[in-house]
Structures are given as structure tokens and as C-alpha cells.
Amino acid sequence: MTDTVLYETQGAVATITLNRPESLNSFDKEMRADMIDATNQAKTDSSIRAVVVTGAGRCFSAGADLKAGFKTGEEVEKLLLEEYKLSLVNIAEMEKPVISAINGFAAGVGLSYAMVCDLSIMTESAFLLSPFSTIGLIPDGGATWLMVNGMGYKRAYETAIDNDRVPAQRCLEMGIINKIVADDSLLSDAQEWAESLAKKAPLALGRTKKMMRQASSLSYADAITSEAALQHLCFDSKDSHEGITAFLEKRPAEFTGE
């Protein structure tokens, strides 16, 4: 990775920081590649149990760097599939919780990176923005799926075509973020939350995420079946034995991810 994305670890928590503050953390080719590397690293490092994604400077991300001067629709389609998609899917599929700490604003594909995370914290002054239709485009980076599943169709479509800012309080009311915090405590609050999650049973957190990510596409009966299969794996794990033993002995559990 270069310095367009910072990857830092503290204990079992990794913090990924979009780091082009002079360009409002807009994505250029280098940043897209660095996000693939950073999310791969967080996904595959077994010592990391929780991840925070945030932006340096005044905002989370303004989206794609339009100054890059894309020439054709074919070029845009290729980079969405071969560059953006890889890191976005890494966040969605890694079996560990990912928290987006949204400062300033998240717009365009930056909104996709903010919303694809499992949990989200926004500052009091932050907002989300889908500006695509103002330049004749549609939401991308999975934003249509994320918005409809998070807001419901009517609110999602309204947000996409009206291009109005969605302030933090509105995001909280719609249930697409979890918490609002003071502007000056965002990162510390997100990392503190991540540290608390890192102490929980990683297999349980990862498999709950896996199950809930697919739940909306399953029937109720199929969800019971899928839960049963994953519960089988969880119950046979050392972590489950440790968790039950610690509960009975009235002591904190020490989970190993095994």
C-alpha cells in the first residue's frame, strides 16, 4: 500500500483510513488498489477481530475522483468490476465486524463504502449524499442494493434522484447507522466499540454476519436450516465450550477463534 490508504493496528483492531484529504478522499486508481490491499490484509489476518474504516481530514469520502477523466462507459464498467468491487466485497464478506466511522460526509461511491460496513457511526454534523443523477449517472458500488435494503425502496429512490443531503439524525431514524457522536470523538468512539467487539467470540460474530448478510434472500424455513448448520459448527468449537464454561463459572470468557 501507498499513503493513499493508511492501515494501522492496535491489538486486535485494524483501522483503515482513506487518506487523500486534499482531494476529499476521492478515489483515484492508486486509492482503489490500496483499498483492495488493505481490506485483503484485514480479511486474512487472523489476529484482527474487528475493523474500523474512516476518512482523513474533513470528510469520509467525496466518491470517485472525476478529475481522472474517464473516457468511455466501458472503462467505468471495468473499474467498477475489477477495482471497486473487490474491496467492497471484502468488507461485506470478511467474517469479522467492520465499523464505518463517517466524518464530514460520504458521497458517491464513498457512500457505498460507508454503508457496506456492518455497523456505522456518524458525527453530529455528517451527512450522506447520492449525487449521481445530477451528472446523468446512477448510484454504483452496490449503492442501489445498500440503499434499498437499508432505507426501503421509496426512501432509497427519493434519496437517489433528489440528491438531498441525508443528515446524521435522519440516518439514525431510518436505521442505516447505529450511533451519532460528537465530531471530536468519532475515531476514538469507533475504535473503542471495535475493541469491545474484538473481545467477543470471533466465530460467533463472523457466522452471525454471514447469516444476516444472506437472510433477506432466504425463506424463513431456509433460514432455520442455514442457522442450524452454522450453529452445529459453533457448538463444536472451542470458543463455545469456553463461553459456556465461563458463563457457568461467572468469569469473563477468553476466546481464541477456534
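The numbers here are math on the coordinates, done by the rules we state, and not lab data. Computed from a prediction, not measured in an experiment: that's the story for all the values here. When we count neighbours, we look across all protein chains shown, and the Cβ atoms used for this are built from the backbone with ideal geometry, even at glycine.
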Helical contribution to [θ] at 222 nm, DSSP H n ≥ 4, -39,500 (n - 2.57), averaged over the chain, rounded to 500: -14000 deg cm²/dmol
Residues 49, 155, 213 arranged by fewest to most Cβ contacts within 10 Å: 213, 155, 49
Protection proxy ranking, peptides 76-86, 114-124, 99-109, average beta carbon neighbours within 10 Å, highest first: 99-109, 114-124, 76-86
GNM flexibility winner over the chain from 110, 73, 141 (Cα, springs under 10 Å): 73
Shape parameters for segment 1-150, alpha-carbon atoms, Rg then Dmax in Å: 14.3, 45
Euclidean distance of C-alpha centroids, segment 185-258 and segment 123-157, integer Å: 30
Value of relative contact order over segment 5-198, rounded to a whole percent, pairs C-alpha under 8 Å and six or more apart: 21
Sum of side-chain charges, residue 258 neighbourhood, beta-carbon under 10 Å (Lys, Arg +1; Asp, Glu -1): -1
Long-range tail of P(r) for the chain (Cα pairs > 30 Å, %): 29
Compactness of segment 25-91, expressed as Rg and Dmax over alpha-carbon positions, Å: 13.3, 42
Modelled label reach - residue 9, point 7 Å along Cα→Cβ, segment 43-58 residues with backbone N closer than 20 Å: 43-54
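Need one number for segment 202-248: average projected area of the convex hull over its C-alpha atoms, nm².
Reported value for the Cα convex hull: 3.4 nm².
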Inter-label distance, nm, simple model (7 Å from Cα along the C-beta direction), residue 164/residue 241: 5.7
